[in-house]
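Every read-out reported here was derived from the displayed coordinates using simple, explicitly stated rules and does not represent laboratory data. Model, not experiment: these values are computed from the prediction. Note that each Cβ is placed from the backbone with ideal geometry, even for glycine, and that neighbours are counted across all protein chains shown.
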Amino acid sequence: MNAPDSLPARLGSQASLSSRSESASGSYFTPRSHVQFSTLRSNEAAIPHGDMGSRIKWCVRFELFILGDGEKKITETPFASMANTSDFLMKKEDHTLGNLISEHLKMHPKVLLAGYKIAHPNVAEVLLRVQTDGTITPKEAVVEVCKQLVASLGHLSREFTREYELRRMATVGEQQGNGM
């Protein structure tokens, strides 16, 4: 979908929104913020995405995490105020990846500083700042940590699958034993 403004036109009157109201418990909800998805293509799901003020901007769910044409996932910018420091801007990411990478970078012996921030909750960009001791570059540290994380998650996946299959076989054996 090329034009983001065409989604509300495609939805027409099927999308109805009302202003927020307060429930008896004091929490806020939007009582009529539903969308009938039958007018969308099978791989789309429209969600209201609020921006400044009371305007509603509609977006297609996959646009929140799939990069556009020519868009880079990660860009590195050297941070001039501190030696051996770089900022990495990760697009279409959130706290999950920012926290995971920064916490593992803090465990790296050659990393002096690692932290991340998200400038605004509605913008899916994570800014990761890394400072090293100078024996390796910040980019090398991030690449090392990411490779370790991929290996660790691969091991977790294999162990989970193994345990799941063992549990499934045990359950099948118990069912066959009870049935005879």
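Derived scalar couplings between HN and Hα for the range 146-161 equal 5, 5, 5, 5, 4, 5, 5, 5, x, 5, 4, 5, 5, 5, 5, 4 Hz in order, rounded to whole Hz, by the Karplus curve 6.51 cos²θ - 1.76 cosθ + 1.60 (θ = phi - 60°), x for Gly and Pro. Enumerate the residues in the range 122-155 having an amide nitrogen under 11 Å from the point lying 7 Å beyond the Cα of Ala83 toward its Cβ. Output list for this probe position: 133-135.
Relative to its residue count, the range 137-176 spans a Cα convex hull of 26 Å³ per residue.
Can you give me the Rg/Rh ratio for the range 76-163, using Cα atoms for both radii and the Kirkwood formula for Rh?
Numbers: Rg = 14.2 Å, Rh = 13.7 Å.
So for the range 76-163, dividing Rg by the Kirkwood Rh gives 1.03.
Short-range pairs are left out: with C-alpha atoms under 8 Å and at least six residues apart, the relative contact order of the range 74-172 is 25 percent.
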